[in-house]
Amino acid sequence: MFTEANSNTKYLTWQEKSFTVLDMTDLLDRIRVCDRCPELCKDRKNVVIGEGPIPAGIVFLGEAPGAEEERTGRPFVGASGTLLRTMIFQAGISGYHILNRLKCRPPDNRPPEPEELINCRPFLKEQLELIKPKVIVALGRYAQSAFIAGDPLDIKVTRIAGKVLELPEYRVILTYHPSFVMRHRNREIQRFFGNHLRLAKQLEAGCPLSVLP
Ligand code: SF4
């Protein structure tokens, strides 16, 4: 079901069944029956595909669903997701899309395996082609590894947080995963994270990087 936000924007939840856009229906159907990662699809209760308007100016990209996300079929609804959504609201951002690298929950919330990231990558690519964001906020190393070559474990998030990758299709802001922000309860980290979210809003509005603070 779509809710009109304006003439160009249609809201949908990927979990909803009534679509009017064939591409989305097809993608949703393929993700629901996907068995590329045997360990992840074996006992899965729900795939977690994403949530938000299509198209959307900003995409928040995370790692993989946790227990609450799998139960509800919605991304970022656990404790760290609540922190993220609150801080997004405080940054004045609305009409964003939110999704994960993996659509299925790894057992015991373990980190994604490299082959699982590769398996799920085509779905992410299709989603981004449909959503057409101007800005992607990459939350943590597994989100960032979609844009940075090499082993995700080599990505030092605290060193590169706040940097922006200028890609032909969109800009990618590298920042912390909200669970890191929540765990550390560090005001500096929270302030930096808030700044990175505000940066997303400025970039979406078309501000050139050189004039940003
Ligand atoms: S994580 Fe992605 S590729 Fe792996 S089984 Fe789930 S939908 Fe398929």
Hits in region 111-149 - residues which are farther than 21 Å from Gln202 by Cα, among the charged types (D, E, K, R), modelled with pLDDT of 95 or more and more than 13 Å from the chain's Cα centre (by Cα) | Glu113, Glu115, Glu116
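Here is a yes/no grid of residues against (1) buried (at least 20 other Cβ atoms within 10 Å of the Cβ); (2) not hydrophobic (A, V, I, L, M, F, W, C):
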site: Leu117; (1), (2): yes, no
site: Gln127; (1), (2): yes, yes
site: Leu130; (1), (2): no, no
site: Asp151; (1), (2): no, yes
Only one of Ile155, Ile189 is under 20 Å from Glu63 (Cα atoms), over 19 Å from the mean Cα position of the chain (by Cα) and of a type in the set (Val, Ile, Thr), namely Ile189
What residue, among those in region 33-43 that are near the ligand (Cβ under 6 Å from one of its atoms) and part of a helix (DSSP H, G or I), is nearest to Glu115 (Cα to Cα)?
-> Leu40
Hey, could you check region 104-132 for residues that are of a type in the set (D, E, K, R) and either away from the ligand (no atom under 16 Å from the Cβ) or not in a loop (DSSP other than H, G, I, E, B) (or both) and say which is farthest from Ala149 (Cα to Cα)?
-> Asp108
So Val157, is it without any contact (Cβ under 8 Å) to a residue 40 or more places away in the chain, touching an Asp or Glu at 6+ places or on another chain (Cβ under 9 Å) and surrounded by 17 or more Cβ atoms within 10 Å (Cβ to Cβ) = no
Verdict on Ile136 being touching a residue at least 40 places away in the same chain (Cβ under 8 Å) and in contact with a His (Cβ under 7 Å, 6 or more places away or on another chain) | no
Asp29: passes all of (1) assigned to a loop (DSSP other than H, G, I, E, B); (2) at pLDDT below 95; (3) within 16 Å of the ligand (Cβ to nearest atom) but (1)
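The values are calculated or read from the model by the stated rules, or taken from the named source; none is laboratory data. Here the structure is a predicted model, which is why all the values come from computation and not from measurement. Cβ sites come from the backbone with ideal geometry, for glycine too, and all protein chains shown count toward neighbours.
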